[in-house]
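Structure first, then comments.
What follows is calculated from the coordinates using simple rules that are stated; it is not laboratory data. Being a predicted model, the structure only gives us computed values, none of them experimental. Cβ placement follows ideal geometry from the backbone for every residue including glycine, while neighbour counts extend to all protein chains displayed.
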Amino acid sequence: NIFSEGGCQLLSSGLVWDSLSQPDIHRHLGLEENQSGLLTYNIAMTGLAPRITYYVRAYATNEEGTSYGDEQIFTTLGQEPRVQVLPVSNLTTFGVALNAAVNANHLETTVYFEYGQSHQYGQEQQARQTLIEGDSLVLADTYIEGLLPGRTYHFRVRAENVLGSTTSEGSSFTSLPGGELTDWDGNTYISI
């Protein structure tokens, strides 16, 4: 909101921002000019990077010079998480460790593993790591028990933060055979 044109014709106005304090029309990361010509205007700041603190000031220029409004400071949020399925480990007849690499993109992220004997999955288990943070790949894992011997299972990983959810491509593994006994009458027993 421009309260006064300073007794001269207004030449330009808008917003200027930077990651350093006191941005101006000569030193800035971004500048958006007020195209409306109105003294009260709204401008969308675009192209901002995640998890950066920005300093922003309104400006108005007439033939006498440029004046700036009070500096406002804010920090942008991160992004949706990124996920990648890793090979399974500790595979047995009845259990397996599911593994993934997750980049939380600067926001607290919760990781879930979806699994089942079809691509519909049907079961879900949260990763052992309750919350993942930071901006680098972090290992997330969980141990699944109660598998049936010699069966193929499908799984994928889903990571969620306040900006959304990302689901990986699906993968599969086959539990180790064995652990079954069939008696003379055709009854099947699973050993534990």
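Points worth noting:
- Computed lengthening from Phe74 to Thr92, 0.36 nm per intervening residue step minus Cα-Cα distance: 1.4 nm
- Label zone at Leu39 (point 7 Å along Cα-to-Cβ), backbone N below 19 Å, segment 6-23: 6-15
- Extension gain, Ala49 to Leu10, is 10.9 nm, computed as 0.36 nm per intervening residue step minus the present C-alpha separation.
- Net dipole in debye of the chain [+1 Lys, Arg Cβ; -1 Asp, Glu Cβ; about Cα centre; nearest 20]: 400 debye
- The chain - Rg (one decimal) and Dmax (whole number), Cα, Å: 28.3, 104
- The Rg/Rh ratio of segment 1-101, with both radii computed over alpha carbons and Rh defined as the Kirkwood radius, is 1.39.
- Ordering Leu107, Gly170, Ile132 by the projection of their Cα atoms onto the charge dipole of segment 91-192, which places +1 on the Cβ of Lys and Arg and -1 on the Cβ of Asp and Glu, puts Gly170 at the extreme positive end.
- Each Lys or Arg adds one and each Asp or Glu takes one away; over the other residues whose Cβ falls under 15 Å from the Cβ of Glu71, this sums to -1.
- Cα-only Debye scattering, segment 75-138: base-10 log of I(q)/I(0) at q = 0.15, 0.17, 0.22, 0.23 Å⁻¹: -0.54, -0.66, -0.97, -1.02
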